[in-house]
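Every read-out reported here was derived from the displayed coordinates using simple, explicitly stated rules and does not represent laboratory data. Predicted, not measured: the structure shown is a model, and the values here were computed from it. Positions of Cβ are backbone-derived with ideal geometry, glycine not excepted, and every protein chain shown enters the neighbour counts.
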Amino acid sequence: MENQLQKYFGFNSFKRGQEEVILKIMKGESVAAIFPTGAGKSLCYQLPAILLPKMTLVVSPLLSLMKDQLDFLLEHNISAARLDSTLEREEYNEVLEKAKNGELKILMISVERFKNERFRYHLQKMNISLLVIDEAHCISEWGHNFRPEYLKLPVYQKEFGIKQILLLTATATEQVIDDMCRKLKVPRENVTITGFYRENLFLQISPTNESEKNKKLIQRINESPKAPTIVYVTLQKTAEKVAELLCLNEINAHPYHAGMKSEERELIQNRFMNGELDCVVATIAFGMGIDKENIRRVIHYDLPKSIENYSQEIGRSGRDGEKSFCEILANRDNINILENFIYGDTPEKDSIYKLLNNIKHNNGFIWEVKLTALSNELNVRILPLKTLLVYLDMEGIITPKFTYFEEYSFKYNSEPANIIDSFQGERKHFVTTIIKHCCAKKIWTYVDIQGILKNYNTDRKRIITALEYFEEKGWIELQSKQAIEVYDIKTQAFNIDRITEKMYKLFQSKEDHDIQRIHNMTGFFENDSCISKELAEYFGENLEKEYCGHCSFCTSGKVTIQNSTELKPLSSFDFEEITNEFIGAVGEHFSILNLTKFLCGVYTPVFSKLRIKKLPFFGTFERYPFLDVKNWILEEISGEKSRRSGPPDRHLA
């Protein structure tokens, strides 16, 4: 095995745990590898992928993860590719053809692509040895980055006949490991954990007043201004402001966040990777899968979201084994911001009721939805909406079937008559019907699928298969738009009130769990013991020594994290002044919860539709506790009602 490692990757020896995982994979077993960030998880699938007879399919949650790993593979002349929305149609089709023809050893996709009817058509023609799930903790509701789509992976594994699986993650507690293994049927004895302790990282907790942060950050970076550095912040606007501040102080920095276009984010990442950029000021959108070995500093300008996030983010430094510095400029001022985003993800009970009512009174047992439209209709953000649909699946009310596209269009590369004449008999009649029911516009020709179904005894799948075949032959250039999620309604005989209450309690439980995670994190940083030891033990690793000697507790002792900014009492604000424009703009969508979200700066779908975020006073209370703001609103509205003869319509929740 070491000879193969040297041959394909030029490494003389395996890192800890790698060989154990790879040997089990080569024996045909399903395995989980729990390695800290930078400890070589990717090699656990990369080497077997070369040696296994068929293709390895890698599921990854972020484009940056795919890109970094793909660049590494291509540098080592390993046939690998990714499928994502940034690819041009011609390049996308070329990847599919290579995958089907056995010309690829590794194909990387997002989990959402399994629901894409066009991809599913091609996947059935691919031969797969191994399914790899990167960031596998996403499958657990108890993990720090739960992705509801991941819960369908066991179904996809079975549906496409993939016998062997590899789970990879850097951040999994014992509870999350058990959850992952149970859901994906990985034997617990096949879990390899290499430990989380990193002796080359100095972990520093620096209590810092908000007013002193900028000065302290500049001083810290100027100690070694060219040292590759990531500065993590909570908000996109903070990333912009801090990066601007650093640039004004002649530090080569750039912001990075999810509000930027993907091309701009990719450019910033590439500049940082190749050393053109010294510092990136980023939200947590940056860093997953970044394989830059010489990051010397990770500085948390704001508190991280959880212990898992902290572990993952500091793990991006010092991958070359050299000493690196990880610091938190710590105060409690942004804790309410972290909590407010969690409260913002809990749907209103009325929204859950409305969704269940739609399902119960749907005409027939096939339910088709556009997620964005449903999100706007219910005023529930996309991620919690997906989570709600997963909860209803687990409740036995609905089950997802697939995703199809409402609109298909194409450009002709060959004359329609030539396409028709390529077939004979019934197939020629079928193709004629397809082309007859296409509407040609200036550039694109649009397919009338319903028209074809009405005029020919066939099904939708055969039509799509034919269009895909036309493109494979080079006769057309095909594109698809407007994704429709298709669900089977398994029962409509449910009590709406009871299920609404049950779903709402699930979200409240998740809300409580995520809020507690934040408090656990602050308690962790204030603990009366070695930070490195506590971090290792959180993930189930017991260090024999009591003191690591390379954390702020070992060198300076325990810290206390405090609020550094005094907030004005809510009662000192003029309720009418800060709410009138919002109440007028939001109209029928007014609710106490929506007003609370507006004042706390929490996005909700109706705000985008009505451009509410552009109103003055959006986010005025972003540093205040969400529940305090909500209670203040209730008191103000209640007081106003008592002063009037009747409640004004605009204040009805």
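Looking at segment 6-62 only, could you name the residues that are surrounded by fewer than 15 Cβ atoms within 10 Å (Cβ to Cβ) and among the small types (G, A, S)?
Hits for segment 6-62 are G10, S13, G28.
Checking the condition under 30 Å from S414 (Cβ atoms) and assigned to a helix (DSSP H, G or I), which residue from F524, F470 passes? Please lay out each step first, then the result.
Values: F524 fails: under 30 Å from S414 (Cβ atoms).
Only one candidate passes the filter, namely F470.
Let's see how each residue does on (1) of a type in the set (S, T, Y); (2) surrounded by 12 or more Cβ atoms within 10 Å (Cβ to Cβ); (3) touching a Phe, Trp or Tyr at 6+ places or on another chain (Cβ under 6 Å):
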position: H429; (1), (2), (3): no, yes, no
position: H437; (1), (2), (3): no, yes, no
position: K441; (1), (2), (3): no, no, no
position: I449; (1), (2), (3): no, yes, no
position: Y456; (1), (2), (3): yes, yes, no
position: K461; (1), (2), (3): no, yes, no
position: E501; (1), (2), (3): no, yes, no
position: L506; (1), (2), (3): no, yes, yes
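Condition (residue is surrounded by fewer than 21 Cβ atoms within 10 Å (Cβ to Cβ), without any contact (Cβ under 8 Å) to a residue 60 or more places away in the chain, touching a His at 6+ places or on another chain (Cβ under 9 Å) and farther than 27 Å from L70 by Cα) applied to segment 176-199: is it met by at least one residue?
The answer is yes; a qualifying residue exists.
Give me a count of the residues in segment 382-415 that are assigned to a loop (DSSP other than H, G, I, E, B), free of Cβ contacts under 8 Å to residues at least 60 places away in the same chain and crowded, with 19+ Cβ neighbours inside 10 Å.
Going through segment 382-415, the residues assigned to a loop (DSSP other than H, G, I, E, B) turn out to be 395-397, 413-415.
Then drop every residue that is not free of Cβ contacts under 8 Å to residues at least 60 places away in the same chain, which leaves 415.
Among the residues that remain, those that are also crowded, with 19+ Cβ neighbours inside 10 Å are: none.
Selection size over segment 382-415: 0.
Could you name every one of the helices (runs of 4 or more DSSP H) located completely within segment 84-173 that has at least 1 residues being touching a Ser or Thr at 6+ places or on another chain (Cβ under 8 Å) and not aromatic (F, W, Y)?
Details: elements: 89-100, 117-123, 153-159.
Correct list: 89-100, 117-123.
Between a first residue in segment 263-282 that is closer than 21 Å to E88 by Cα and a second residue that is part of a strand (DSSP E or B), which pairs have beta carbons less than 7 Å apart while being 6 or more apart in sequence or on different chains?
R265/Y256
Only one of I499, I518, I484 is under 20 Å from K360 (Cα atoms), in contact (Cβ under 8 Å) with a residue 60 or more places away in the chain, part of a helix (DSSP H, G or I) and in contact with an Asp or Glu (Cβ under 8 Å, 6 or more places away or on another chain); which?
On the way: I518 fails: under 20 Å from K360 (Cα atoms); I484 fails: part of a helix (DSSP H, G or I).
Going through I499, I518, I484 in turn, the sole match is I499.
Applying the selection to segment 609-639, what residues are assigned to a helix (DSSP H, G or I) and touching a residue at least 60 places away in the same chain (Cβ under 8 Å)?
K609, F626, L627, W632, E636
List the helices (runs of 4 or more DSSP H) inside segment 16-80, counting only whole elements, that have at least 3 residues being under 19 Å from the mean Cα position of the chain (by Cα). Don't jump to the end; show me each part of the working.
On the way: elements: 18-26, 43-51, 63-75.
Result: 63-75.
Does at least one position in segment 157-164 carry a residue that is in contact with a His (Cβ under 7 Å, 6 or more places away or on another chain) and touching a residue at least 12 places away in the same chain (Cβ under 8 Å)?
First, the residues of segment 157-164 that are in contact with a His (Cβ under 7 Å, 6 or more places away or on another chain): none.
The answer is no, given that none of the residues of segment 157-164 is in contact with a His (Cβ under 7 Å, 6 or more places away or on another chain) and touching a residue at least 12 places away in the same chain (Cβ under 8 Å).
For residues that are free of Cβ contacts under 8 Å to residues at least 24 places away in the same chain and hydrophobic (A, V, I, L, M, F, W, C), scanning just segment 339-381, find the one that is surrounded by the most Cβ atoms within 10 Å (Cβ to Cβ).
Checked segment 339-381; the qualifying residue surrounded by the most Cβ atoms within 10 Å (Cβ to Cβ) is L374.
Of all residues in segment 513-527 being charged (D, E, K, R) and within 21 Å of the chain's Cα centre (by Cα), which is farthest from V390 (Cα to Cα)?
First, pick out the residues of segment 513-527 that are charged (D, E, K, R): 514, 517, 526.
Then keep just the ones that are within 21 Å of the chain's Cα centre (by Cα); that gives 514, 517.
Numbers: D514: 18, R517: 22 Å.
Restricting to residues being charged (D, E, K, R) and within 21 Å of the chain's Cα centre (by Cα), the top hit is R517.
How many of the residues making up segment 326-352 are assigned to a helix (DSSP H, G or I) and either more than 12 Å from V380 (Cβ to Cβ) or in contact with a His (Cβ under 9 Å, 6 or more places away or on another chain) (or both)?
Step one: list which residues in segment 326-352 are assigned to a helix (DSSP H, G or I), which gives 335-344, 349-352.
Remaining after also requiring either more than 12 Å from V380 (Cβ to Cβ) or in contact with a His (Cβ under 9 Å, 6 or more places away or on another chain) (or both): 335-343.
The total comes to 9.
Would you mention how many residues in segment 528-545 are surrounded by fewer than 16 Cβ atoms within 10 Å (Cβ to Cβ) and touching a helix residue (DSSP H, G or I) at 6+ places or on another chain (Cβ under 7 Å)?
2
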